[in-house]
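Peer 1: Okay, handing you the structure first.
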Amino acid sequence: MAGNNGGPWGGGGSNKGGGNRGNDGRGSGSGGEGPQIPEIDELMKKGQEQLRVLMGGRGGKGGRPGGGGSGGPAFTRGTFALAALAAVVLWALASFYTVKPEEQSVELFLGKYSQTGNPGLNFAPWPLVSAEVIPVTREQTEDIGVGRAGGDAGLMLTGDENIVDIDFQVVWNINDPAQFLFNLRDPQQTIRAVSESAMREIIAQSELAPILNRDRGSIAARLQDLIQQTLDSYDSGMNVVRVNFDKADPPREVIDSFREVQAAEQERDRLEKQADAYANRVVAGARGEAAQVLEEAEGYRARVVNEAQGEASRFSAVLEEYKKAPDVTRKRLYLETLEEVLGRVDKVIIDESSGSSGVVPYLPLNELRRPAEGN
């Protein structure tokens, strides 16, 4: 045993300076020590030294002062201060937030609504308080109708049992962020369902012709009011800015026939208006002629009555005179009567007192005046 100092490979004692090689091909240390791996050990030592330097310790093989062997990392006051400062900075970054002028924030304390933040820099101490920033003035739109969203959403039944194809747009924004966040699960679907339901209710109470022609503005105003009332009843926090009523037409399958019917109805209305105008003109003329005949009859009646009253008054006056002087009045009446009778006939005067049968020439002055008056 003593003579075999070379180990199991028979190296012999004379080879003390060079050492032996093991199975792994690496050289062993001097003396009787086992095989070592100096590369890994050196890497571990270098890593420990670098860690000590980063943590504020001192380098060297002796470790910390007063300690033996390889000691742990040293934590100094500067290290703790740096860590505390970094924690404060991170906490401040998580707690302070900015709200733009067109936005509002909703602050939640442990998940429950606390308050609404104003535009600018706001403070919400994390992790107790969290904030949700919502754009409140930005207008959002919801399109409903066959031409906009597809499907049959725009086909609606009117009050006179006709089908109309309607496309409209609802423009809305947020007026209460807290209600908007907590009271609605799906705001887009909610306002779409409410808008479609409100429009169907209005169309069901209207007839087809006014919808297609003159009532679009009034329908849009009624629709906006009805949508807003429904959303307010839900405490939705949503505000309807306006409603754009874009199209109201018959369905595509019957639009050609509908246009022909519309043209026939317009022609019927035109002919009815022409007939009404002719009837009004004829009736007005007949009424005018009737009024004229009535006026003439009234005038004739008044004239005859007045003349009769005048004759009666004159006869009464003559009677009074006759009672006073009968002979004179009788002769006067005789002469006036002859004057009136003879004045209306053509006369030829023959002078019998001269004893001749000749005819005295008579110049008809009245006949001479008649042509002059006629011209």
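Peer 1: Please verify whether segment 181-203 includes one or more residues that are closer than 12 Å to Val164 by Cα, of a type outside the set (Phe, Trp, Tyr) and surrounded by 17 or more Cβ atoms within 10 Å (Cβ to Cβ). If you could, list the steps in order and put the result at the bottom.
Peer 2: Step one: of segment 181-203, the residues closer than 12 Å to Val164 by Cα are 199-200, 203.
Remaining after also requiring of a type outside the set (Phe, Trp, Tyr): 199-200, 203.
With the extra rule that they be surrounded by 17 or more Cβ atoms within 10 Å (Cβ to Cβ), the set shrinks to 199, 203.
The answer is yes; a qualifying residue exists.
Peer 1: If you take the residues of segment 239-261 that are modelled with pLDDT of 90 or more and among the aliphatic types (A, V, I, L, M), which of them is nearest to the chain's Cα centre (by Cα)?
Peer 2: Val243
Here is a yes/no grid of residues against (1) in the same structural domain as Val241 (by TED's automatic domain parsing); (2) farther than 21 Å from Phe182 by Cα; (3) hydroxyl-bearing (Ser, Thr, Tyr); (4) at pLDDT 75 or above:
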{"position": "Leu82", "(1), (2), (3), (4)": "no, yes, no, yes"}
{"position": "Ala86", "(1), (2), (3), (4)": "no, yes, no, yes"}
{"position": "Val89", "(1), (2), (3), (4)": "no, yes, no, yes"}
{"position": "Leu110", "(1), (2), (3), (4)": "no, no, no, yes"}
{"position": "Gly117", "(1), (2), (3), (4)": "no, no, no, no"}
{"position": "Leu121", "(1), (2), (3), (4)": "no, yes, no, yes"}
{"position": "Pro127", "(1), (2), (3), (4)": "no, no, no, yes"}
{"position": "Ala131", "(1), (2), (3), (4)": "no, no, no, no"}
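Peer 1: A further question follows. Can you pull out the residues in segment 100-145 that are in a strand (DSSP E or B) and among the acidic types (Asp, Glu)?
Peer 2: Across segment 100-145, the qualifying residues are Glu103, Glu107, Glu132, Glu142, Asp143.
Peer 1: In this structure, does Ala198 turn out to be farther than 23 Å from Asp256 by Cβ and at pLDDT below 85?
Peer 2: Numbers: farther than 23 Å from Asp256 by Cβ: yes; at pLDDT below 85: no.
Criteria not met by Ala198.
The values are calculated or read from the model by the stated rules, or taken from the named source; none is laboratory data. This structure is a prediction, so every number in the text was calculated from the model and none was measured. Methodologically, a virtual Cβ is constructed for each residue, glycine included, from the backbone with ideal geometry; neighbour enumeration extends over all protein chains shown.
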